[in-house]
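Novice: Dropping a structure here in structure tokens format, bear with me for questions.
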């Protein structure tokens with residue numbers, strides 16, 4: 001029961017669906033692929049994220065020639081939605097980096113973590129930028145003897161899941177000051193392959209060992225990673241190993257998990273909570289069947305979902321992508337965005353009207369990092385005007401309500417209780433386009449579960465909130 005209540009007020013909008021449907025759109029206009037790396041070394045393991053309108057990309061130039069001056073972790077960025085990219089910057093050189101890096105960003109703060117060496121100590125090191133990637137600090141050791149697995153900017157915190165090389169223990173390191181200082185808050189957590197957040201709820205996926213084999217475990221934390229619930233097993237409990245799970249979450253709280261089983265790419269999508277507070281999941285969806293499918297990844301933006309993976313062997317590898325514009329209800333046919341065979345290790349994000357894809361491409365000229373963007377003609381930044389965040393949740397004095405408006409239009413927002421009685425008129429008038437922020441005084445409203453209801457000429461949207469005095 002406690003878990004049920006905590007999940008209600010931390011995941012306040014609790015996966016409620018909008019009543020306005022959206023049709024799937026499959027016309028993706030792919031622009032020419034861009035080669036980002038320019039090294040004689042092997043360029044591998046690219047990662048991509050975005051913040052404050054900036055696209056951030058890193059990759060690892062593997063030192064194939066001893067003491068190569070251009071080996072290490074490189075960074076580039078785009079401030080015009082992927083049209084142009086900055087000059088490549090070597091942010092961690094080969095003398096300090098041992099393995100490829102992982103990346104997270106929020107606002108103007110960008111953090112790169114990797115397994116590396118600083119002052120003759122080996123462990124998790126970071127390099128950070130506080131000006132949107134223009135300038136970078138020197139690498140610093142934050143946790144000796146460990147390898148970082150996943151990283152996430154979560155509210156004002158940076159959370160890293162690590163694996164100890166000596167003891168094989170797993171844990172969580174957190175920074176509350178944008179990476180200046182770090183503390184271990186958990187030394188017994190599971191090992192995660194991906195980690196995201198939905199408001200104040202941390203969500204993660206990773207391998208869960210069972211008698212039958214390796215399954216996909218889903219985990220949640222309501223206290224910033226100090227403790228974890230799980231695993232909830234999302235894959236079929238069978239003899240086939242379920243590998244390389246990835247997770248994504250939309251602004252309205254829908255969660256999506258993808259992985260592969262013996263070459264089959266699978267997907268599960270959340271659909272809400274049961275009466276005991278457990279997350280309900282839709283049945284398994286097969287995205288692609290084939291013996292050589294591997295390394296899936298996933299990105300979500302509102303109702304837009306894109307699953308990408310590699311298939312084939314060595315020189316014949318292909319990058320595969322399936323897109324859904326209706327929240328994974330249906331998927332478009334498989335697209336092959338790489339201009340030539342040899343693609344692997346794809347990573348992906350979606351911004352309001354664009355799919356951003358990066359991958360490693362092996363050709364006769366070398367192994368390099370490529371970027372390609374795809375524009376979706378009818379894929380709007382929002383499928384319709386909709387409610388965004390409601391915070392803090394629970395609220396005791398003031399609840400802040402965010403509304404995303406696609407155009408200038410008349411809207412009404414009302415607050416209802418659980419039996420449908422209108423408690424308060426929150427907003428009435430013309431606003432937009434853009435973000436509308438409303439501060440609602442709730443000091444005179446009794447503690448309980450309530451619903452903010454947005455009405456437009458196109459339909460309605462509803463989000464749950466908890467008031468607690």
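The values are calculated or read from the model by the stated rules, or taken from the named source; none is laboratory data. Everything numeric in this text was worked out from a predicted model, so none of it was measured. Counting neighbours? That spans all protein chains shown, and the Cβs are built from the backbone with ideal geometry, glycine included.
Novice: Go through the stretch 229-266 and report how many residues are in a loop (DSSP other than H, G, I, E, B) and either within 22 Å of the chain's Cα centre (by Cα) or surrounded by 23 or more Cβ atoms within 10 Å (Cβ to Cβ) (or both).
Specialist: Here the count works out to 7.
Novice: I would also like to ask the following. Scan the stretch 75-96 residue by residue and report those that are more than 21 Å from the chain's Cα centre (by Cα) and part of a strand (DSSP E or B).
Specialist: 89, 90, 91, 92, 93 - these are the residues of the stretch 75-96 that are more than 21 Å from the chain's Cα centre (by Cα) and part of a strand (DSSP E or B).
Novice: Go through the stretch 205-216 and give me each residue that's more than 23 Å from residue 157 (Cβ to Cβ) and assigned to a strand (DSSP E or B).
Specialist: Of everything in the stretch 205-216, those that are more than 23 Å from residue 157 (Cβ to Cβ) and assigned to a strand (DSSP E or B) turn out to be 207, 208, 209, 210, 213, 214, 215, 216.
Yes/no per residue for (1) surrounded by fewer than 20 Cβ atoms within 10 Å (Cβ to Cβ); (2) at pLDDT 95 or above:
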residue	(1), (2)
158	no, yes
184	yes, yes
200	yes, no
214	yes, no
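Novice: Going residue by residue through the stretch 82-98, is there one that turns out to be farther than 23 Å from residue 345 by Cα, in contact with a strand residue (DSSP E or B) (Cβ under 7 Å, 6 or more places away or on another chain), surrounded by fewer than 18 Cβ atoms within 10 Å (Cβ to Cβ) and assigned by TED's automatic domain parsing to the domain that holds residue 54?
Specialist: No, the stretch 82-98 has no match at all.
Novice: Working carefully through the options 101, 116, 132, find the one that is on the phi > 0 side of the Ramachandran plot and in contact with a strand residue (DSSP E or B) (Cβ under 7 Å, 6 or more places away or on another chain).
Specialist: 132
Novice: For residue 349, indicate whether it is modelled with pLDDT of 95 or more and under 20 Å from the mean Cα position of the chain (by Cα).
Specialist: When the stated conditions are applied, residue 349 passes them.
Novice: What number of residues within the stretch 283-298 satisfy the criterion of being touching a residue at least 24 places away in the same chain (Cβ under 8 Å) and outside any strand (DSSP E or B)?
Specialist: Result for the stretch 283-298: 6.
Novice: Here's another thing I want to ask about it. Does residue 109 satisfy the condition of being closer than 22 Å to residue 55 by Cα, surrounded by 20 or more Cβ atoms within 10 Å (Cβ to Cβ) and under 24 Å from the mean Cα position of the chain (by Cα)?
Specialist: For residue 109, the condition - closer than 22 Å to residue 55 by Cα, surrounded by 20 or more Cβ atoms within 10 Å (Cβ to Cβ) and under 24 Å from the mean Cα position of the chain (by Cα) - is met.
Novice: Name the strands (runs of 3 or more DSSP E) wholly inside the stretch 299-411 in which the number of residues that are touching a helix residue (DSSP H, G or I) at 6+ places or on another chain (Cβ under 7 Å) and assigned by TED's automatic domain parsing to the domain that holds residue 432 is 1 or more.
Specialist: none
Novice: Looking only at the stretch 417-452, which residues are over 20 Å from residue 392 (Cβ atoms) and either part of a strand (DSSP E or B) or free of Cβ contacts under 8 Å to residues at least 24 places away in the same chain (or both)?
Specialist: Within the stretch 417-452, 419, 420, 421, 422, 425, 428, 429, 430, 431, 434 meet the criteria.
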